[in-house]
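Notes follow once the structure below has been shown.
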Amino acid sequence: MLSRRSFILAALAPIFIGLKKREATIMTINGPIKPNQLGTTLIHEHFLVDFIGAHKISYARWNRDKVLAKVLPFINEVKQYGVKSIFDCTPNFLGRDVVLLKMIAKASGLQIITNTGYYGARENQHLPPWAFTESAEQLAARWIDEFKNGIENTSVKPGFIKIGIDAGEELSSIHKKLVTAAALTHLQTGLTICSHTGPGKAALEQLEIIKALGVKSEAFVWVHAQAEDDKTFHTRAASMGAWVSLDGIGWGGFDDYADLLVQLKSAGLLHRVLISHDAGWYDPEKPDGEFVGYTNIFKELFPRLKQKGFVEKDVDQLLVKNPGEAMGIRVRRSQ
Ligand SMILES: [Zn+2]
């Protein structure tokens, strides 16, 4: 079994043998592209999510053609706003289905990016049994294998790490293990760590864990940062270099989002901010249920931001530049 030390040493090897720093790439489900090929990007959306739990989930629970028929009009709608790429944030055991993603990409022309990692939020019900028994190194080895060899015998590789934790007084030991596994995976692959988090205290706790393993805050995305009411946390995390992801735009509160974005812009921190809708999604339990589209940023948020002095350059920063910078695959090791 690989020890933590050998993981970290393996990650350092390119420095010792003098390899040139590789240019960052974005790994779509159809292969690598350059960050500047992403175009207008939504960094946190969903096509399908199944909350049935890890013990019951299976691909037989949905009909891919039906999901495609439901999703496609919403993708065509958002393409009218110039969106070229979407990061699908549905993790393994919550409905990640790379065959479905391939179908959606082919039918729509959209560039789609999928993920590796496990989602411990919602009290661990979406974790496979081995997540409880294996070490962080063993879990990381599974995620690294997906990046190196493809997901479930396909050629599709993950373009980022998605984990999820429950924020309590302190992170539980299993959630600390997921964060550790994500940091170890980052050191080997350069994949950015997106962690479903919410409260700011839990975000800072995770930044401490990855820092102790030699991973920079720049490799970490604080997912669902809008759930934190104390706005000093956003400034603090962004000043540390972490990515602050305001990704529930579509669930209301447009003025609150606009105010927070204005605050971050005036603090000179807009270059650490990501925005998205966390919209969708097809629920296998309710095939005829509601599906939330991906347009509120364009229809609701941007008009408000423009009234508050945002210009085209700022919009471009949020939807084009920052996604490429945040998600560009490269090892971000602290010195
Ligand atoms: Zn989400």
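Here is how the numbers come out for the structure above:
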quantity	calculated
G39 of a type in the set (G, A, S), open to solvent by 10 Å² or more (accessible area, probe 1.4 Å), in contact with a Lys or Arg (Cβ under 7 Å, 6 or more places away or on another chain) and under 21 Å from A279 (Cα atoms)	yes
Residue check, R96 basic (K, R) and open to solvent by 50 Å² or more (accessible area, probe 1.4 Å)	no
Selection from region 40-80 of residues that are hydroxyl-bearing (S, T, Y) and farther than 24 Å from D247 by Cβ	S58, Y59
Residues located in region 127-171, provided they are under 19 Å from the mean Cα position of the chain (by Cα), among the small types (G, A, S) and open to solvent by 80 Å² or more (accessible area, probe 1.4 Å)	none
Filtered residues of region 70-93 (kept if open to solvent by less than 70 Å² (accessible area, probe 1.4 Å) and either without any contact (Cβ under 8 Å) to a residue 12 or more places away in the chain or over 21 Å from the mean Cα position of the chain (by Cα) (or both))	K70, L72, N76, E77
Hits in region 277-320 - residues which are touching a residue at least 60 places away in the same chain (Cβ under 8 Å) and within 16 Å of the ligand (Cβ to nearest atom)	H277, D278, A279, G280, W281, Y282, D283, F291, G293, Y294, I297
Pairs, first more than 16 Å from the ligand (Cβ to nearest atom) and outside any helix (DSSP H, G or I) in region 173-201, second at pLDDT 95 or above and among the β-branched types (V, I, T), C-beta under 7 Å, six or more apart	G190/I329; G190/V331; L191/I161; L191/T185; L191/I329
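For (1) at pLDDT below 95; (2) more than 16 Å from the ligand (Cβ to nearest atom); (3) of a type in the set (A, V, I, L, M), each residue gets a yes or a no:
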{"position": "T41", "(1), (2), (3)": "no, no, no"}
{"position": "H44", "(1), (2), (3)": "no, no, no"}
{"position": "F47", "(1), (2), (3)": "no, no, no"}
{"position": "H55", "(1), (2), (3)": "no, yes, no"}
{"position": "N63", "(1), (2), (3)": "no, yes, no"}
{"position": "V71", "(1), (2), (3)": "no, no, yes"}
{"position": "F74", "(1), (2), (3)": "no, no, no"}
{"position": "K79", "(1), (2), (3)": "no, yes, no"}
{"position": "G82", "(1), (2), (3)": "no, yes, no"}
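The values are calculated or read from the model by the stated rules, or taken from the named source; none is laboratory data. All values derive from a computational prediction rather than experimental measurement. Cβ sites come from the backbone with ideal geometry, for glycine too, and all protein chains shown count toward neighbours. Heavy atoms of the whole protein, side chains included, go into the accessibility calculation; ligands, DNA and RNA do not. Shrake-Rupley method; radii C 1.70, N 1.55, O 1.52, S 1.80 Å.
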